[in-house]
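Some notes on the structure that comes next.
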Amino acid sequence: MVHQLAAFSIRPFTADEWPAYRAIRLRALADAPDAFSTTLDTQQVLPPETWAARLSAAAASGKDYPLVAELQGQAVGMAWAKVDADDASIVNLFQMWVAPEARDQGVAGALLEEAIRWAGARGAQALQLGVNCANLPAVRLYERTGFLDTGWREPFRPGSAITEQRMRLALTPAA
């Protein structure tokens with residue numbers, strides 16, 4: 001039996017929501033260890049001050065857009081859009097993840113849509129991301145959204161046999 005997800009919402013994390021951000025980030029790393037360039041082991045030992053500082057810095061920067069997908073007040077997805085440090089015409093997408101119970105319900109697409117909207121409103125010309133080449137559901141999601149494989153490949157982590165590919169979506173900046 002397929003359970004349809006009730007209405008969910010997508011919104012930016014606020015600076016004071018670091019405990020919720022930490023919880024979903026650690027849940028994502030535990031659920032999908034090969035989807036991220038960092039590991040659960042390295043992140044779960046970080047002190048609360050580090051988590052709080054991440055969201056505070058994001059709120060102050062104007063160049064970061066950490067998103068949360070919520071269902072009935074519970075975080076079920078996340079993504080982090082960030083203006084590229086070297087090229088302000090590019091926004092990078094990191095930390096994209098949806099909880100297993102919320103998958104195939106449009107949450108990932110809604111997170112992408114909001115990241116794309118934000119990047120376009122900033123005048124970005126492209127949104128890019130790295131994805132594990134073997135994560136076919138993620139690759140297909142990005143392809144359906146219009147992302148193209150750039151041909152760039154590299155090991156996911158130092159010493160890893162997993163290969164990451166870069167994908168890019170050309171944007172039409174908002175008027």
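For the range 1-71, would you read off the P(r) tail past 19 Å as a percentage of all alpha carbon pairs?
44
For the chain, with the dipole built from +1 on Lys and Arg beta-carbon atoms and -1 on Asp and Glu ones, taken about the Cα centre, which of 8, 119, 160 lies farthest toward the positive end?
Toward the positive end, the furthest listed residue is 119.
Just want to confirm a number: the relative contact order over the range 9-170, from Cα pairs under 8 angstrom separated by 6+ residues, in percent. Working shown, then result.
Working: 266 pairs, mean separation 30.6, N = 162.
The value is 19 percent.
Mind checking the range 64-164 for trypsin sites (Lys or Arg not before Pro) that DSSP puts in a loop (not H, G, I, E or B) and that have at most 13 other Cβ atoms within 10 Å?
Answer by residue number: there is no such site.
Each residue of the range 143-149 in order: what ³J(HN,Hα) in whole Hz does its phi give by Karplus 6.51 cos²θ - 1.76 cosθ + 1.60, θ = phi - 60°, with x for Gly and Pro?
4, 4, 7, x, 5, 10, 5
Working from the alpha-carbon coordinates of the range 62-117, get Rg over Rh, Rh being the Kirkwood radius.
1.03
Every number in this text was worked out from the coordinates using simple rules, so none of it is lab data. The structure displayed is predicted, hence computed values, not measured ones. Ideal geometry is used to build each Cβ from the backbone, glycine not excepted, and the neighbour counts take in all protein chains shown.
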